[in-house]
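Q: My structure is below; once you've seen it, I'll send some questions.
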Amino acid sequence: MKKKLLILMLCVLLAIFACGCSKEAALNIYNKGTQALGDLLLIFSRPLKGERCFGVNHYTGTYLAAYGDFSGQEAIFGGTSLTPPVESVTITCTLSGEKGSAWLEFRSVDKDPLVLCREGETYTGELALPAGSNYLCVVAENFTGSMELKAE
């Protein structure tokens, strides 16, 4: 599926440049395409363990989850864009655990993943969103517990 989307994006780019669009128009179309691809990857990756409610865009919203012996990763909020819809997001997260380990991390195109909160902790802070991919992800290993996450 990812290969087909990538091939489609490349075909669109070639068509844009072949038709003689301005650089600005081509970048605008490319940006919209990368945003759509980032949204598709966020929404259709795999079913989430909790309930997500998006805010005004896919970078904001609320997420409530109860995990039972969960191991894996979940991309909760974020996207890919040359110009993200907001410059920053304020994150509030409470991660309560009974067993195993879990953490919330911020994955940005220009940095190593940044752990924001681990089980038994509460985090509040603001994250700048550079151009490119920016995602809030939950990573867990045999985790039983709950998470409350708000990005605004």
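The values are calculated or read from the model by the stated rules, or taken from the named source; none is laboratory data. Just so it is clear, the structure is predicted and the values come from calculations on it, not from any experiment. All Cβ positions, glycine included, derive from the backbone under ideal geometry; neighbour counts span all protein chains shown. These area figures cover heavy atoms from the full protein model, side chains too; ligands, DNA and RNA do not enter into them. Shrake-Rupley method; radii C 1.70, N 1.55, O 1.52, S 1.80 Å.
Q: Which of the residues belonging to the range 129-152 are open to solvent by 70 Å² or more (accessible area, probe 1.4 Å) and either under 25 Å from Pro84 (Cβ atoms) or modelled with pLDDT under 95 (or both)? Walk me through it before giving the result.
A: The first filter runs over the range 129-152 and keeps only residues open to solvent by 70 Å² or more (accessible area, probe 1.4 Å), leaving 141-142, 148, 150, 152.
Across the range 129-152, the qualifying residues are Glu148, Lys150, Glu152.
Q: Name every residue in the range 86-102 that is loosely packed, with under 15 Cβ neighbours inside 10 Å, touching a Leu at 6+ places or on another chain (Cβ under 9 Å) and not β-branched (Val, Ile, Thr), in order of residue number.
A: Glu87, Ser88
Q: For the range 70-95, what are the residues that are farther than 18 Å from Glu152 by Cα and not in a strand (DSSP E or B)?
A: Leu82 - this is the single residue of the range 70-95 that is farther than 18 Å from Glu152 by Cα and not in a strand (DSSP E or B).
Q: Report the residue count in the range 97-126 for those that are under 21 Å from Ser71 (Cα atoms) and either in contact with a His (Cβ under 7 Å, 6 or more places away or on another chain) or among the hydrophobic types (A, V, I, L, M, F, W, C) (or both).
A: The total comes to 8.
Q: Ok, one more. Checking Pro130 against (1) part of a strand (DSSP E or B); (2) out of contact with any Lys or Arg (no Cβ under 7 Å at 6 or more places or on another chain); (3) within 20 Å of Thr60 (Cα to Cα), which single condition isn't satisfied?
A: So Pro130 meets the others, but not (1).
Q: Which residue, of Glu105, Glu126, is modelled with pLDDT of 95 or more, under 16 Å from the mean Cα position of the chain (by Cα) and loosely packed, with under 13 Cβ neighbours inside 10 Å? Quick ask: steps written out before the conclusion?
A: On the way: Glu105 fails: loosely packed, with under 13 Cβ neighbours inside 10 Å.
The match here is Glu126.
Q: Residue check: is Gly120 open to solvent by less than 60 Å² (accessible area, probe 1.4 Å) and of a type in the set (Gly, Ala, Ser)?
A: no
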